[in-house]
Structure formats: C-alpha cells, structure tokens
Amino acid sequence: MAISRAPLRPELHNSNEQRRPAPPTGSALALPPGRGRPVIGRVRPQVDCGRRPAKAAIGDLLAVEADAFVDGHDALWCELRYRHDTDAKWTTVGMEDIGNDRWRGTFPVTALGRYRFSVRARVDRYATWSRELSARADAGQDLAVELLTGAELVEEAARRGRAADRRLLTSVQTQLQGARRGLESAVDADTAAWADGDTLRHVIFSERLGSLMGQLGDPEQCTTSDSFSVMADPAKARYSTWYELFPRSASPGPGPGAGAPRHGSFADVAARLDYVEQMGFDVLYLPPIHPIGRSGRKGREGTVVAGTADPGSPWAIGGSEGGHRAIHPELGTLEEFGALVREAAARGIDVAIDLAFQASPDHPWVSEHPEWFRHRPDGTIRYAENPPKRYEDIYPLDFEGPQWRALWSELLEVVRFWIAQGVMVFRVDNPHTKPFAFWEWLLACIKAEHPETIFLSEAFTRPRVMEQLAKVGFTQSYTYFTWRSSKWELETYLTELTRSEVADYFRPNFWPNTPDILSEELQGGGRAAFLSRLVLAATLSASYGIYGPAFELQEHLPRAAGSEEYLRSEKYEIRSWDLESPESLSGFVGRVNRIRHQHPALQYNDALVFHPVDNDQIIAYSKRRAGAEGDDIVVTVVSLDHAYPQSGWVDLNLAALGLGLGQDGLGLGLGPEQHSYVMHDLLTDARYVWEGPRNFVQLDPANVPCHIFSLEQSA
C-alpha cells in the first residue's frame, strides 16, 4: 500500500547545506544555477545557523570544519574561503580530509573585528583520474590512453590559470602527451621541478601538482556553503588572569587594638599593584566604585538596619554625590582613578570595573527620571527582589518601560564614559536580569567603536540563558566551576565547554570563589582545598580569577551553616588584610600564574584531553600546543581528596599528546631504544622518569596535592 508523504517544510532542512533554488511555479522545471554535485553541511564554528558570529582572538589559528561529500566515488576538492571585513578580496586555502567525509581548514586571526568565511567543494577530476591511474598501473594495464586523458585535464586547467601556472601546466601536458615509457618516462628539467624525482610518475602524483589542479577546477561544478562569521577579540579575551579586590579595603591594616580600618583609596590600590603583579595577574577587577546610597542601606552581615559607620554595599549605586559616572568620594577623584589605570597599564595590568545597571533609592536617576523604574500601584518604586530575598537598597531599572529608548541610550553613554577614562575591561553584574536585545544592541555599538573591549558576564543562572548572553556578544562568562567538585562532574562539564558547539561562542572564566560564593569545599577542605581548586581553575581554563585577599589568606568561615556567604563579608564592611601572613598562598598563586605565562598550552582550551586514572579521587588531563621549537605539553594531575593521601595509575593517551608508540607499545616513538621520558613538576621542580603510557602517582594533601608536569621528550 502506497503511503503519501507531504514534502518537508524548507525550515526543517539542514540549515548548513547549500541553498537550493525555489521550486518552479510554472509547468516547466527550472534548471539549477550550476552543476555542483557536492553536498556541504555541519559547518563549524557557527552560532544560531550563522545568524551570529562565533568567537576567536588575535593569535588564534581558527579551525573550520565541514562535512563535504559527493555521489559516487569521485575524489573531492574542498577549500576554505575567508576575509576580514576590511579586506577587498577573499583568501582561499585548501582543506584536509580528516575522515568520514569531514574536512578541516585553518586561517590566522590577525586583526580585531569580524571575519567571514565559507566552504567550497567540487569534484576533483584530476585527483580522481590520478587515483584510478595508479590502480591501473598496479594491475599492469596499458596507460597510453589514460595519459592522454590526463593531458586534457591539465590543458583545461591551464586555461584557467595565471601566466606562471599556464607555463608549468603546459610543460606537464607536453610530457603526458609524449610519454613513451608510461609512468617511468623521463621528464625535462622544468617538469621535474614539480616533484622530488625525474620521472612522470613523480610529477603526476606530486602534492604540488595535485594542489594546483584542485585549485583550478571548473568553477561551474562548485558548491558553496552559506557564509558564516567570527568576531576576533584581543588575545586577553582568550587568555586572562583576574584578581578581584575591594578598593575600600586596600588601606594598610591598623595595628593591634587600633580600631576599625581606614577607608581605602585609589592611591592604596596603586600601592598594591606590585603585590598583584608579583602574583602574575593581568586584570585587576574592582567592584563598583561609585557613591553608595543611604536609603535602605544594608548593615554588617547584610542586616536590613545599618549602623552610622556601616559603608553599605557598593552595588547600591548612587547618592547625592552622583551616580554611574561618579566616584565614591572616599576612594578619590576621577583624575586619581585615571592615574591608577595608567600605572596598572604600565605593569601590563588592565583595570576592570563593574557594570551594575541598577540604582539605590538615592540615585539621581530616581528623581530625574522616575519613568526609568517600575512602580507599584500605590506609586512607589518597586525595589529589587528575588523571593524570599529582598534588596531594599536597590531599585531595578525598567528596560521595557515607555521610555526604554532614553534609558538604553543613557546606559550606552555610561559605558562610553568609562572607556574614555581608559577602562577597556568590564565585569557585568547580573546581565541575565536584563533583556538579551539590550545587551546585543549595546555590545554591538561598543564593539563597533572599540573592538578591543572585553565584557565578562556574571550570570550564575540556567545554561541556555548563560549561553544566550555569550551569543549576543559577551566576551567571557562565569561558569558552574565553583560547584563542580567530583571527577565525573569536572570531566563532563569541561567536555561540554571545550568539545561541543558551545565552544564556538562561550569562553569560560573559572572562579574558585567570589564575594558572593564561598563554596562548601573551601569552607571545610583546608589549605589543600585552596591549592587544588586554584590549580584546577588555572589549568582547566585559559581564563580564571580569584577574589582576594580572601582566597590567598584562605578565608573560609561562612556566615551561617549551609550558607555560601562569607562571615564578615566585604560586601557590607571594610576589612583589613594581613598580606604578610605566613599562611598566605600568594607565593603559590604566583608560581601557578608564572607557569601559565610560560606555557602556551595553558593559554588555550581547545586541546584539553582527560586521561584515565584508576582512582576517582584523582583527575588527570593535558593540554598541548604546537610551537616553532616543538610541542608544549602540560599534564596536570590533581587529588580531589583534601583529607587523605591518594594514589593511582595514570594511563596517558600518548596519541593525543602527539607522541607515537614504539613497536612494543611502550615507547614514545622517540627512537628504537628510547621508551622513557621526563615529567618535570613545575610546582616543586622535581623530575620523574616515566615509561610508556601507564605510570604511578601519589598525592598528599599535607604537602602539594597536585602536579603540573611539563613533558620533556628525553630521559
């Protein structure tokens, strides 16, 4: 019994495939625009079927992959076409068949802004002919006619080539037409220059001739994919090391019995730049630096009633002194802030500030633009709520109100104002509580004017929401790393971030702690927990940050049992920190950051590989980066148990590290007699000789519960 099926709707077809002509409306069938037989699909990187750009950074070698195949058994030529928006012409590079009809090509990212690319494929008649010619030759068949067929293909390509190509191809054509001894025919000097040899066999199967013939194929037989785009950000968008501190707590601490600490200033922060630099951070993030409102001000521990000396939460922005373009008077002046920015820049440190688009009840906007806020039926402005939590010191903005255009424009001007003060890096507070359309518009405006800017999204919310924020333009994103502690959780989450399509647009920034989050692991794990979480964050992700000095001084007491809030949280009071404490981890932090700086492998996420360990309390993984002087290979092994020593056998995936096995399966392909190699522990400077893929490790939380190995290829 025949079953009638309605045709699929066009929107249900693979959106990555080439566009097909619309069905004819008359009785005659319309011919397609070309004779292209190949099919192209699943192009990566891409975001939302190409509607939004993927992400790259200066210095990247961007890899583009696509499925490309054709009916029958013909060989395929596949190429990548790309150009920057400022380029007049496209650049074309060949793509490599990596198996199962999947192709890969790369291009260097050298300029900020948008690149566009597409994939083009056609039947490679020359490659098909040469493959079949080889089979005929192996079978001992007569090749005379086949060589004349090859001469015709070369002649046809020569007509499409440039003058230099035509001269060389004409020489090959002549040799094919005049061959008397088949593939072993001698060739003249010009033709022999095509390959390492002096016979026709060497010429026909040379990589150079095959590449040129592929490039000069018939353009009418091409299939071209849709065009996709990638946004190139500065290198710091890919690799950065963040340190957060509260400026008001940066003053030198009082002596014993000296009373409350003095309110810190920008000058105090500048005096701490040497400390930040020595620990190896290149972004210094300051929570809001604006005036703080008094109405509804929170007291210590976040109580609803503040004492007269309580400084309030910096996120309750705005007072009689001004709003989002003003500076808290006790921190200093705008000129002093500019001096801090310049002094930090001289050390290679970017000063990042917080964009918190909300207002205290005392913010000038409340009286000047009450229409920018939501009102209750009784006429009062609705303060921020996340039931059952209530934030009486904050009014949220109404991004959908009747005057939304004026509000959006004002917020854009706020960002422009701080860029004019030298700020190019922004941490954005709770962006998920504002419309996606607002962020897409604002970030596009800023990126068009200042493509070097970086925006970190602070959104600990649902996965699809976090991903959408990255899609609409946020450069980096906070993640769930803070709550991922088991081996299975870490491996699963990192595989998603680095291997799935999320990696095309979502750049993770790992934070072991923040002013809002003191994880259960840090509360009870002691020194070993701080060490292992730091190493995990710094080696799993190319970008990471810590909230200090709370982290390096191992601040671990919660406000209450089961709470992630700090006891004596800096959000509500000024703290004094003893940076010279013998318990400080600042030296260890500095060593880890120097390792990151010295090893390019740790500055990327795309080559992360997990390696099996026969103990679930130990996690092992590697990163590898090719360089002019050989591959940089870093293998990290971390104990997840903060109380007891753990040991196990690590099985390195040597192929993933680019190290071939010897004939007995134990070596690294380094030579017939060489089966051992050195693992240099960069944390302790110890060296261990390993043999083959399977080796023993033992980690003690009482010492250093981690290894960061540099793999050296000689014992």
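The values are calculated or read from the model by the stated rules, or taken from the named source; none is laboratory data. This structure is a prediction, so every number in the text was calculated from the model and none was measured. FYI the Cβ positions are ideal-geometry reconstructions off the backbone, even for glycines, and counts take in every protein chain you see. Accessible surface is based on the protein model in full, side chains and every heavy atom, while ligands, DNA and RNA are left aside. Shrake-Rupley method; radii C 1.70, N 1.55, O 1.52, S 1.80 Å.
With the cut-off at under 13 Å, measuring from each backbone N in the stretch 208-237 to a point 7 Å along the Cα-to-Cβ line of A189 picks out no residue. Solvent exposure of the chain amounts to 45 Å² per residue of accessible area, where only protein heavy atoms count and the probe is 1.4 Å. Annotation for R208 and V145: the two label points, set 7 Å from Cα along the Cα-Cβ direction, are 3.3 nm apart. When every Cα-Cα distance of the stretch 239-316 is counted in 10 angstrom steps from zero, the calculated P(r) takes the values 17, 39, 33, 11, 0 percent. Here the extension length gained between H450 and R136 equals 107.0 nm, from 0.36 nm per residue of separation less the Cα-Cα distance.
Quickly rank 415-423, 599-607, 429-437, 300-308 as a protection proxy: mean count of other C-beta atoms within 10 Å, highest first.
Details: 415-423: 15.9, 599-607: 19.2, 429-437: 17.4, 300-308: 12.0.
By packing density, highest mean first, the sequence is 599-607, 429-437, 415-423, 300-308.
Would you mind checking the tilt of helix 526-540 against the longest principal axis of the Cα atoms of the chain, expressed as 0 to 90 degrees and rounded to 10? Result, in degrees: 40. Annotation: extensible slack from Q698 through D516 equals 62.1 nm (criterion: 0.36 nm per residue apart, minus Cα-Cα distance). Stokes-Einstein diffusion for the stretch 468-608, with the hydrodynamic radius set to the Kirkwood value over Cα pairs and evaluated at 10 °C in a medium of 1.306 mPa s, equals 98 µm²/s.
Could you please state how large a percent of the accessible area of the chain is carbon and sulfur, counting protein chains only and using a 1.4 Å probe? Before the final figure, lay out each step's value.
On the way: 16360 of 32390 Å².
The value for the chain is 51 percent carbon and sulfur by accessible area.
Of the residues T191, T92, ranked by 1.4 Å probe accessible area with the largest first, the sequence reads T92, T191. Within the stretch 539-592, the trypsin sites (Lys or Arg not before Pro) that combine a DSSP coil assignment with at most 16 other C-beta atoms in a 10 angstrom radius are R559, R568. Across all C-alpha atoms in the stretch 547-701, the radius of gyration and Dmax reach 19.9, 66 Å. Radius of gyration over Kirkwood radius for the stretch 397-552, both on Cα atoms: the Rg/Rh ratio is 1.01. Kirkwood analysis of the Cα pair distances in the stretch 265-375 returns a hydrodynamic radius of 15.3 Å. With bins 10 Å wide beginning at 0, the percent of Cα pairs of the stretch 87-202 falling in each bin runs 11, 33, 29, 19, 7, 1. At q = 0.08 Å⁻¹, work out log10 I(q)/I(0) for the chain with the Debye formula, treating every Cα as an identical point scatterer and leaving solvent out; two decimals please. Log10 I(q)/I(0), no solvent term: -0.78.
The stretch 168-237 gives an Rg/Rh value of 1.29, both radii derived from C-alpha positions and Rh following Kirkwood. The base-10 log of I(q)/I(0) for the stretch 517-588, evaluated at q = 0.27 Å⁻¹, reads -1.37 [Debye formula, identical scatterers on Cα atoms, solvent excluded].
At 10 °C and 1.306 mPa s, grab the translational diffusion coefficient of the stretch 432-511 from Stokes-Einstein with a Kirkwood Rh over Cα pairs, rounded to a whole number in µm² per second. Walk me through the intermediate numbers first.
Working: Rh = 13.3 Å.
For the chosen part, D equals 119 µm²/s.
So what is Rg over Rh here for the stretch 323-443, counting just Cα atoms and using Kirkwood for Rh?
That ratio is 1.00, to two decimals.
Here's how it looks for I289: its modeled amide H is under 5 Å from those of D354, which are all 5 or more places away or on a different chain. Residue by residue, the stretch 432-440 carries 3J(HN,Hα) couplings of 6, 9, 10, x, 4, 4, 4, 5, 4 Hz when phi is fed to the Karplus relation 6.51 cos²θ - 1.76 cosθ + 1.60 (θ = phi - 60°); x denotes Gly or Pro. With a Förster radius of 45 Å applied to the C-beta separation of D578 and W488, the computed FRET efficiency comes to 0.70. With a Förster radius of 41 Å applied to the C-beta separation of Y480 and E691, the computed FRET efficiency comes to 0.60. Loop-located trypsin sites (Lys or Arg not before Pro) across the stretch 175-245 with a Cβ neighbour count of 16 or fewer within 10 Å are R180, R181, with loop assigned by DSSP.
What number, in nm² with one decimal, is the all-direction average of the projected area of the convex hull of the alpha-carbon atoms of the stretch 284-340? The partial results should precede the final answer.
Numbers: hull surface 17.4 nm².
Mean shadow area of the hull around the Cα atoms is 4.4 nm².
Compared with the dominant principal axis of the Cα atoms in the chain, helix 487-499 is inclined by about 60°.
With the convex hull of the Cα atoms taken as the outline of the stretch 180-328, the averaged projected area works out to 21.2 nm². Projected onto planes of every orientation and averaged, the convex hull of the alpha-carbon atoms in the stretch 118-175 covers 5.0 nm².
Under a 5 Å amide H cut-off, with hydrogens placed 1.01 Å from N, F455 pairs with F426, T475, Q476 among residues at least 5 apart or on other chains.
Taking 0.36 nm per residue of separation and subtracting the Cα-Cα distance, full extension of the segment from D226 to T684 would add 159.7 nm.
Highest mean first, how do 284-295, 344-355 rank when packing is the count of other Cβ atoms within 10 Å averaged over residues? Don't skip to the answer; put the middle values down first.
Details: 284-295: 22.1, 344-355: 18.0.
Final packing ranking: 284-295, 344-355.
Working from Cα pairs under 8 Å separated by at least six residues, relative contact order for the stretch 324-407 is 23 percent. Note on T495/H375: beta-carbon distance plugged into 1/(1 + (r/R0)^6) with R0 of 56 Å gives a FRET efficiency of 0.75. The local environment of E440, defined by Cβ-Cβ distances under 10 Å, has a net charge of +2 under the rule Lys, Arg +1 and Asp, Glu -1.
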